[in-house]
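Asker: Please see the structure below; I have some questions.
The values are calculated or read from the model by the stated rules, or taken from the named source; none is laboratory data. A quick note: this is a predicted structure, and the numbers were derived from the prediction, not measured. Because the Cβ atoms are built from the backbone with ideal geometry, glycine has one as well, and the counts that use them run over all protein chains shown.
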């Protein structure tokens, strides 16, 4: 799985109208006005559905969700912590 490319495609398609406009992997979604708070919730829904991970309220932070690099690292960590054979609960 290439989390970084999946996230980039989602952001470009849903928030940049198909034009990456120089989007870098470390571009801040919030500071650069790429994604607003409602968009972050769309991103969270995408991550949960696409990768079958549960994101807790205390994980909804810029440290986890404010750039392609941060989201990719966050997903990798979440997937690493899921026991084999387990999936998102509830």
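Asker: Within the range 1-45, track down each residue that is in contact with a helix residue (DSSP H, G or I) (Cβ under 6 Å, 6 or more places away or on another chain) and within 15 Å of residue 79 (Cβ to Cβ).
Answerer: Selection gives 3, 4, 7.
Asker: Search the range 13-29 for residues that are on the phi > 0 side of the Ramachandran plot and pair each with any residue that is assigned to a loop (DSSP other than H, G, I, E, B) when their beta-carbon atoms are under 7 Å apart and the residues are at least 6 apart or on different chains.
Answerer: Here the result reads none, with nothing in the range 13-29 linked to a residue that is assigned to a loop (DSSP other than H, G, I, E, B).
Asker: Does the range 75-90 include one or more residues that are assigned to a loop (DSSP other than H, G, I, E, B) and either on the phi > 0 side of the Ramachandran plot or within 11 Å of the chain's Cα centre (by Cα) (or both)?
Answerer: The answer is yes; a qualifying residue exists.
Asker: Right, something else. Given the conditions (1) at pLDDT 95 or above; (2) surrounded by 13 or more Cβ atoms within 10 Å (Cβ to Cβ); (3) under 12 Å from the mean Cα position of the chain (by Cα), and given that residue 27 satisfies all but one, which numbered condition is not satisfied?
Answerer: (3)
Asker: Quick one: is residue 78 surrounded by 14 or more Cβ atoms within 10 Å (Cβ to Cβ), under 19 Å from residue 8 (Cβ atoms) and either modelled with pLDDT of 95 or more or touching a helix residue (DSSP H, G or I) at 6+ places or on another chain (Cβ under 6 Å) (or both)?
Answerer: no
Asker: Still on this model: Are any residues in the range 56-74 over 26 Å from residue 20 (Cα atoms) and either assigned to a helix (DSSP H, G or I) or touching a strand residue (DSSP E or B) at 6+ places or on another chain (Cβ under 9 Å) (or both), and if so, which ones?
Answerer: Passing the criteria: 57, 58, 59.
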